[in-house]
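The values are calculated or read from the model by the stated rules, or taken from the named source; none is laboratory data. The structure presented is a predicted model; accordingly, all values stated were derived computationally and were not measured. FYI the Cβ positions are ideal-geometry reconstructions off the backbone, even for glycines, and counts take in every protein chain you see.
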Amino acid sequence: MAPPVGQIRPGRYLAFFVAIVAVLYTLVFATGDHRAVPKLGIDLQGGTRVALTARTETGEPPSKESLNVSREIIDTRVNGTGVQGAEVVLDGTTIVITVPGENGEKAKDLGQTAQLRFRPVIGSVAAQAQPQPSTEPQPSVQPDPSATGSAPPTATSGAPASGTPSAGAPSSTAAPQGRPAPALAQQPSSGAPAATTTAAPPATTTAATPPPADNPCTQYSALLADPKAETAALISAGKKCRQAPTLAPSKGADGAEVPADQALQQAALAAIDCAPGKKDPLVGNDDKSLPLAACDQDGVEKFILGPSFLEGTEINNATSQLDPQGVGYVVSISFKATGSKVWSEYTASHVQERAAFVLDTQVVSAPTIQGAINGDTQITGGQGGFKQAEAQKLANVLKFGSLPLSFEPSEAETVSATLGIASLEAGLIAGAIGLGLVFLYCLVYYRLLGLLTILSLVLSGVIVYAVLVLLGRWIGYSLDLPGVAGLIVAVGFTADSFVIFFERLKDEIREGRSFRSAVPRAWARGRRTILSADAVLFLAAAVLYALAVGQVRGFAFTLGISTVLDLIVVFLVTHPLVAVASKSKFLSSPKLSGLGSTQRSAVAQRAARATAGTAAKEV
């Protein structure tokens, strides 16, 4: 049988709340690291700080607009990589990233320029003087098996592609001249693909002319060795040496093939230092319309690359996953409409040739094209594929866009949490004192209803705590000092909801109703006020979260979450418990419930009205 209008079945509401708490704490202890501890922000647990200093090709200060765009992209990368709680602040020409915990190296990765370009491979040599053929699995570029509409790759072979090789391509028999360097050969080397295009030998001589003393590569090498060299001078000399138009075959004004300058190729390759940790001054400053001499990311191979035929800005999405056809991890790329068309046409016309995926002037992978690709594409790393961290890092920087500036990262600096912990202790002491005063007031003024208020606040804290733990695991939310302030402020608003309900209850009793009959009427009138007040508060928190930056958003976030959970507690706990108390003779006792004075006041008012009515009749 359904209950009368205005009546509820308290057991169902309380059982539903218990089920919610049980599910939340089951997730807390059964998922993640099984520790019921919220993720803390940098001001509570300490962390690392990295400063990214912007640099330009000319040495002039970057524009404010480009700095703001860079800060927004880095902030997006912070959220995308799960480094929540980080603070990204623009300080002059420096972007300061403060990350909670031990994520300093990850913060440095966030400043990568991430300019991905697709370039044809003109030639390559091993970075060592005597390259050894690699026996490791070699990378290839192939359709993503999980994508629809992708053409199957053609059979892999070591034979060159049909057709005549490009005129002026470097020879495998050319002897190095001038600066000592290995010959530029189209042969497999460590980390290189197994199948490449064989280059044609020079038409006349087998030796190139030594470069003159004023060769740009000579100047570039001298600047690289000078620790006091200016960045602008390094970039200028590096572009003249490593991006000379004659590094790759081209066409003259009459349309005739102009061969590459092999001597300059040798000098450019010799000037590159592929040692791990070496910083490339051309990062973020290379010209996509010119050839490029570059190293691979492992530092085992050097390349002469042609002008870019496709930009990384045409990438729609990038994800990392296990290689379904081999070992290690791969990065799957989906292109926008224009990029997909260009990539499909290029792969169809350059089967069994190498294409280099160049990220910030370093070759990520230079695979052999196995066939025309009409859908998603996979980047496979050399030496048996990418490691998981490498693939995830590459996917993130490609997915969240390229920075308009290049940055020089500083060393990660440790940030102490001593001050934050002291502030937290002071805040918790203040919150405990305030909460104690609220409890004392409720007990004195409401008695039994005050006990229900205290119980409701405790249960609200229980559910808020579980939600904060789970949010830290699922979306990386970090509780910081402003967030703690939001929780303390929310206690007052939660208690205010109970006060509204109880005062409505007193109003009904003053009108002559009993405790039991007053509860459903007081709830029907009070819940509208509670919903309206919480809706306004939640809207204010949402607007503050959307418009604010930095730690203010943490305050708005916890305030909004607490407001929503306040409604759950009021509807599923406070109202049912008051209904249970109203049906009990013992709990509804005027002395125990705290409603005795209200009931006596109601009786006195009725008596006064009755007396006034009798006097009026006698007159």
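Worth a mention:
- Residues (among the hydroxyl-bearing types (Ser, Thr, Tyr) and closer than 24 Å to residue 405 by Cα) located in the range 235-250: 236
- Filtering the range 558-601 to residues that are in a helix (DSSP H, G or I), modelled with pLDDT under 85 and surrounded by fewer than 21 Cβ atoms within 10 Å (Cβ to Cβ) leaves 590, 591, 592, 596, 597, 598, 599, 600, 601.
- Comparison of 471, 505, 487, 479 shows that the only residue that is within 30 Å of residue 99 (Cβ to Cβ), surrounded by 23 or more Cβ atoms within 10 Å (Cβ to Cβ) and not hydroxyl-bearing (Ser, Thr, Tyr) is 479.
- Any hit, the range 184-200, residues being buried (at least 18 other Cβ atoms within 10 Å of the Cβ) and at pLDDT 85 or above: no
- The range 275-357 holds strands (runs of 3 or more DSSP E) entirely within its bounds, and those carrying 2 or more residues that are at pLDDT 90 or above map to 292-296, 301-305.
- Exactly one residue among 472, 512, 486 is outside any helix (DSSP H, G or I), at pLDDT below 90 and in the same structural domain as residue 422 (by TED's automatic domain parsing), and that residue is 512.
- Unmet requirement for residue 555, which otherwise passes all of (1) surrounded by fewer than 20 Cβ atoms within 10 Å (Cβ to Cβ); (2) part of a helix (DSSP H, G or I): (1)
Each row is one residue, and each column tells you yes or no for (1) polar (S, T, N, Q); (2) under 22 Å from residue 294 (Cα atoms); (3) in the same structural domain as residue 294 (by TED's automatic domain parsing).
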site	(1), (2), (3)
317	yes, no, yes
335	no, no, yes
344	yes, no, yes
350	no, yes, yes
354	no, yes, yes
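- Residue within the range 69-84 that is within 22 Å of residue 554 (Cα to Cα) and either part of a strand (DSSP E or B) or modelled with pLDDT of 80 or more (or both) present: yes
- Per-region count, the range 38-50, residues surrounded by fewer than 21 Cβ atoms within 10 Å (Cβ to Cβ) and either without any contact (Cβ under 8 Å) to a residue 60 or more places away in the chain or assigned to a strand (DSSP E or B) (or both): 1
- For the residues 290, 322, 310, the requirement of being under 27 Å from residue 238 (Cβ atoms) and touching a strand residue (DSSP E or B) at 6+ places or on another chain (Cβ under 9 Å) singles out 310.
- Within the range 312-331, the set of residues being over 14 Å from residue 364 (Cβ atoms) and either touching a His at 6+ places or on another chain (Cβ under 9 Å) or surrounded by 16 or more Cβ atoms within 10 Å (Cβ to Cβ) (or both) comprises 314, 319, 321, 323.
- If you go through the range 526-552 and keep only what is polar (S, T, N, Q) and part of a helix (DSSP H, G or I), you end up with 529, 532.
- When residue 316 is tested against (1) under 29 Å from the mean Cα position of the chain (by Cα); (2) in contact (Cβ under 8 Å) with a residue 60 or more places away in the chain, exactly one condition is not met: (2).
- The set of residues from the range 423-452 being within 16 Å of residue 562 (Cβ to Cβ) and either buried (at least 17 other Cβ atoms within 10 Å of the Cβ) or of a type in the set (Asp, Glu) (or both) comprises 435, 438.
- Count of the range 1-53 residues which are at pLDDT below 90, over 30 Å from residue 515 (Cα atoms) and aliphatic (A, V, I, L, M): 9
- Residue check, residue 232 outside any loop (DSSP other than H, G, I, E, B), touching a Leu at 6+ places or on another chain (Cβ under 9 Å) and under 25 Å from residue 407 (Cα atoms): no
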